[in-house]
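A short write-up of the structure that comes next.
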Amino acid sequence: MVELKIFRTEKERVLKGYQKRNLKQEQIDLVDQILHLDTERKKTQAELDQILSQSNHLAKEIGELFKSGNAQEANAKKTAVADLKEKSKQLELLLEQTMAQINELQLQLPNVPNTVVPHGKTAEDNEVYFSSSRPLPVLAENALPHWELAKKYKLFDMELGVKITGSGFILYRNKGARLQRALINFFLDEAVKAGYEEIIPPLLVNEDSARGTGQLPDKEGQMYYAEKDDLYLIPTAEVPVTNIYRDVILKEDQLGAKLCGYTPCFRREAGSYGAHVKGLNRVHQFDKIEIVRIEHPDKSYAALDEMLEHVKSLLEKLELPYRILRLCGGDMGFASALTYDFEVWSAAQERWLEVSSVSNFETFQSHRMKLRFKNEKGESIHPHTLNGSALALARIVASILENHQTEDGIRIPQALIPYTCFEKIN
RNA sequence: GGAGGAAUGGCAGAGUGGUUGAACGCGGCGGUCUUGAAAACCGUUGACUGUAACAGGUCCGGGGGUUCGAAUCCCUCUUCCUCCGCCA
């Protein structure tokens with residue numbers, strides 16, 4: 001969530017940013033309400049502190065009086081303390097209510113977009129930030145979409161997924177399964193080469209973790225929930241990996257942490273249907289390698305650029321045409337200050353598929369998670385957190401199958417052959 | 001799943017109702033000494049909130065209670081350790 005301090009000191013920037021997100025006026029008004037409640041809170045706190053201070057003093061005096069055997073005077077003071085206690089209880093209640101109100105309002109406000117974020121309401125308004133130089137392939141007349149290719153070459157089976165679990169769960173087999181495993185290893189190796197520490201995190205997380213990265217409360221419906229144990233299946237490795245840093249105070253030299261994690265990701269995707277979710281386009285379980293960074297505020301945007309370069313290099317090595325979008329204010333995630341989406345070309349479907357989303361959350365997550373570092377002056381400062389997919393598998397598989405199909409099979413990109421141990425799917 | 005024990009500052013570890021935000025030690029930081037370093041010695045060293053700055057307030061796993069006063073007593077939850085059972 002956005003820190004109160006930012007509302008207090010940078011209100012103008014906040015309001016400008018929120019306009020880019022096309023927030024309703026009543027939502028923008030929350031900023032003023034929060035600031036008002038905050039001064040109320042301070043007033044109540046000061047009053048309460050004074051009363052507590054008095055009663056602390058009295059308690060000490062009473063102790064000394066008892067020690068010196070002056071029970072009578074001590075008992076007299078007890079009634080004074082009882083009065084103070086009554087008052088302090090009321091103030092405490094008021095304080096609690098005010099803070100709960102502030103918190104509730106704060107949770108409703110998204111992160112403040114970076115100045116370079118374009119204005120706009122929907123995905124239509126996203127700005128094409130970069131396009132790969134690779135030309136879109138011209139496919140043969142009889143070219144097939146990936147779900148037909150999967151049937152032809154027995155790569156994955158949707159019907160079996162339905163039988164075993166339900167729609168949106170895929171059973172990969174044969175070279176389809178091996179391609180999947182090859183991609184996972186390829187992406188992990190590339191990340192490790194780029195200096196990321198490999199993590200294998202838990203796939204279920206508790207409520208605190210889901211809250212820490214912002215899945216709760218607003219994306220509750222997106223996650224599978226194991227009620228009996230009060231645990232959530234992760235929608236992305238971002239959740240467990242970033243939560244390593246929940247409630248942590250780092251030393252300044254520990255900043256610049258680079259982590260990567262491979263996990264399956266589980267998403268309910270309630271309400272999705274139709275042609276755009278066909279095949280691997282949108283599934284309930286898919287594999288993804290996530291990269292996460294914890295950075296000094298001065299260095300986070302350089303880190304973001306570095307992450308873009310990393311993802312670009314992966315797509316280049318897979319020989320896929322892609323483009324990078326800079327998301328507009330209206331299409332950005334709640335927690336993000338700047339987000340770039342990577343889309344790869346799905347040649348047979350003739351559409352772009354999102355395969356990566358790289359974001360700088362600035363202090364939004366670190367504030368929520370209570371992640372801080374100490375600078376040289378000994379001040380506690382929230383670092384910036386960033387993450388991105390590098391990469392999400394299901395759609396990459398779709399794109400590889402479609403873009404690299406030929407008359408006599410599907411060609412495996414050079415860089416991947418050491419991992420698949422086969423050069424062609426036929 | 002059953003039985004018992006524990007949870008204190010970066011670490012280790014005292015503290016069982018009244019100057020205890022917390023001893024001692026290690027670690028960290030600053031200094032003295034030294035050509036430099038080590039050793040030794042001296043000092044300093046938790047978080048949050050608050051203030052212009054002081055002051056003040058909160059925090060000894062979480063929550064609740066008893067009391068004028070709780071790290072210390074009671075209830076409850078969580079986690080960890082030991083033993084038994086089960087198990088890849």
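So that you can scan it fast, the table gives a plain yes or no per residue for (1) within 16 Å of the chain's Cα centre (by Cα); (2) modelled with pLDDT under 95; (3) more than 29 Å from A:Thr165 (Cα to Cα):
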position: A:Ile244; (1), (2), (3): yes, yes, yes
position: A:Gly274; (1), (2), (3): no, yes, no
position: A:Val277; (1), (2), (3): no, yes, no
position: A:Leu280; (1), (2), (3): no, yes, no
position: A:Pro297; (1), (2), (3): no, yes, yes
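Filter the range A:73-83 down to the residues that are among the hydrophobic types (A, V, I, L, M, F, W, C) and closer than 27 Å to A:Glu96 by Cβ, then identify the one that is nearest to RNA strand B (Cβ to nearest atom).
A:Val81
Residues to consider are A:Glu227, A:Glu220; find the one that is over 21 Å from the mean Cα position of the chain (by Cα) and closer than 28 Å to A:Gln106 by Cα.
Only one candidate passes the filter, namely A:Glu227.
Regarding A:Leu280, is this residue touching a Cys at 6+ places or on another chain (Cβ under 9 Å), assigned by TED's automatic domain parsing to the domain that holds A:Glu295 and either in a loop (DSSP other than H, G, I, E, B) or more than 19 Å from A:Met1 (Cβ to Cβ) (or both)?
no
Take the residues in the range A:57-72 that are within 19 Å of A:Lys85 (Cα to Cα) and of a type in the set (D, E, K, R), then tell me which one is farthest from RNA strand B (Cβ to nearest atom).
So, considering only residues that are within 19 Å of A:Lys85 (Cα to Cα) and of a type in the set (D, E, K, R), the one farthest from RNA strand B (Cβ to nearest atom) is A:Glu61.
When residues of the range A:311-324 are filtered for being crowded, with 21+ Cβ neighbours inside 10 Å, outside any loop (DSSP other than H, G, I, E, B) and not β-branched (Val, Ile, Thr), how many remain?
3
Would a scan of the range A:34-51 turn up a residue that is near RNA strand B (Cβ under 7 Å from one of its atoms), in contact (Cβ under 8 Å) with a residue 40 or more places away in the chain and within 30 Å of A:Ile6 (Cα to Cα)?
Yes, that holds for at least one residue.
Going through A:Leu65, A:Leu48, A:Leu84 one at a time, which residue ends up being surrounded by 14 or more Cβ atoms within 10 Å (Cβ to Cβ) and at pLDDT 90 or above?
A:Leu48
Of these, A:Asn75, A:Asn70, A:Asn56, A:Asn22, which one is at positive phi and not small (Gly, Ala, Ser)?
A:Asn22
Suppose we filter the range A:86-134 for residues that are within 30 Å of A:Trp352 (Cα to Cα) and of a type in the set (Lys, Arg); how many remain?
Summing the residues that are within 30 Å of A:Trp352 (Cα to Cα) and of a type in the set (Lys, Arg) in the range A:86-134 gives 2.
So, A:Gln180, is that one polar (S, T, N, Q), over 24 Å from A:Thr385 (Cβ atoms) and within 28 Å of the chain's Cα centre (by Cα) or not?
Yes; evaluated as a whole, the condition is true for this residue.
Could you list, in sequence order, the residues of the range A:113-124 that are under 28 Å from A:Phe286 (Cα atoms) and either of a type in the set (Lys, Arg) or touching a residue at least 12 places away in the same chain (Cβ under 8 Å) (or both)?
Scanning the range A:113-124 gives A:Thr122, A:Ala123.
Give the range A:3-27 a look and list any residue that's over 23 Å from the mean Cα position of the chain (by Cα) and either within 13 Å of RNA strand B (Cβ to nearest atom) or over 25 Å from A:Ile381 (Cα atoms) (or both), or say none.
A:Arg8, A:Thr9, A:Lys24, A:Gln25, A:Glu26
Can you list the helices (runs of 4 or more DSSP H) lying wholly within the range A:1-80 that have 2 or more residues being hydroxyl-bearing (Ser, Thr, Tyr)?
Once the helices (runs of 4 or more DSSP H) in the range A:1-80 are filtered for at least 2 residues that are hydroxyl-bearing (Ser, Thr, Tyr), what remains is A:25-67.
May I ask you to list the residues in the range A:124-174 that are part of a loop (DSSP other than H, G, I, E, B) and of a type in the set (A, V, I, L, M)?
Within the range A:124-174, A:Leu136, A:Val138, A:Leu139, A:Ala140, A:Ala143, A:Leu144, A:Leu155, A:Ile170 qualify.
Taking helices (runs of 4 or more DSSP H) that do not extend beyond the range A:355-426, which have at least 3 residues that are at pLDDT 90 or above and either within 24 Å of A:Gly279 (Cα to Cα) or more than 27 Å from the chain's Cα centre (by Cα) (or both)?
Correct list: A:393-403, A:417-420.
Could you tell me whether any residue of the range A:216-230 is under 27 Å from A:Leu179 (Cα atoms) and modelled with pLDDT under 85?
no
Taking the range A:372-404 as the region of interest, how many residues are over 13 Å from A:Glu343 (Cα atoms), of a type in the set (A, V, I, L, M, F, W, C) and in contact with a Ser or Thr (Cβ under 7 Å, 6 or more places away or on another chain)?
1
Kindly provide the set of residues from the range A:185-236 that are charged (D, E, K, R) and under 25 Å from A:Lys312 (Cβ atoms), ordered by number.
Once the filter is applied, which keeps residues that are charged (D, E, K, R) and under 25 Å from A:Lys312 (Cβ atoms), the range A:185-236 yields A:Asp189, A:Glu190, A:Lys193, A:Glu197, A:Glu198.
The values are calculated or read from the model by the stated rules, or taken from the named source; none is laboratory data. Predicted model, so just to flag it, every value in this text is computed and none were measured. Heads up, the Cβs are rebuilt from the backbone with ideal geometry, glycines too, and the neighbour counts pull from every protein chain shown.
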